[in-house]
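Let me begin by presenting the structure, written as structure tokens, before commenting on it.
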Amino acid sequence: MQPYRTIEAIQHERAARFTRESQRAVARKRAAKNAPGGLSELLDSLARGLASIGLAGRDGSGRPASPAY
């Protein structure tokens, strides 16, 4: 049987390791979120922006048509 202090030290080390890994994961997610996106993301956002503007209506009213989703 191990002494109480040794078992307590092992438990604290495991908890500290879990906390460090959790903080690293949060930092990686934050860095990935702030990283610039790829070309496909740029084109997708451009297409969504153009679709939200809509195309000119054919009835000559000058109002834009519904978005082209």
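The values are calculated or read from the model by the stated rules, or taken from the named source; none is laboratory data. Predicted model, so just to flag it, every value in this text is computed and none were measured. Cβ placement follows ideal geometry from the backbone for every residue including glycine, while neighbour counts extend to all protein chains displayed. Please note that ligands, DNA and RNA were not included when accessible areas were found on the heavy atoms of the full protein model with its side chains. Shrake-Rupley method; radii C 1.70, N 1.55, O 1.52, S 1.80 Å.
Please compute the modelled spin-label separation between residue 22 and residue 52, points set 7 Å along Cα→Cβ, answer in nm with one decimal.
Output for this residue pair reads 3.6 nm.
Quick one: accessible area per residue over the range 1-54, 1.4 Å probe, rounded to a whole number of Å²?
Roughly 93 Å² per residue, with all protein chains present.
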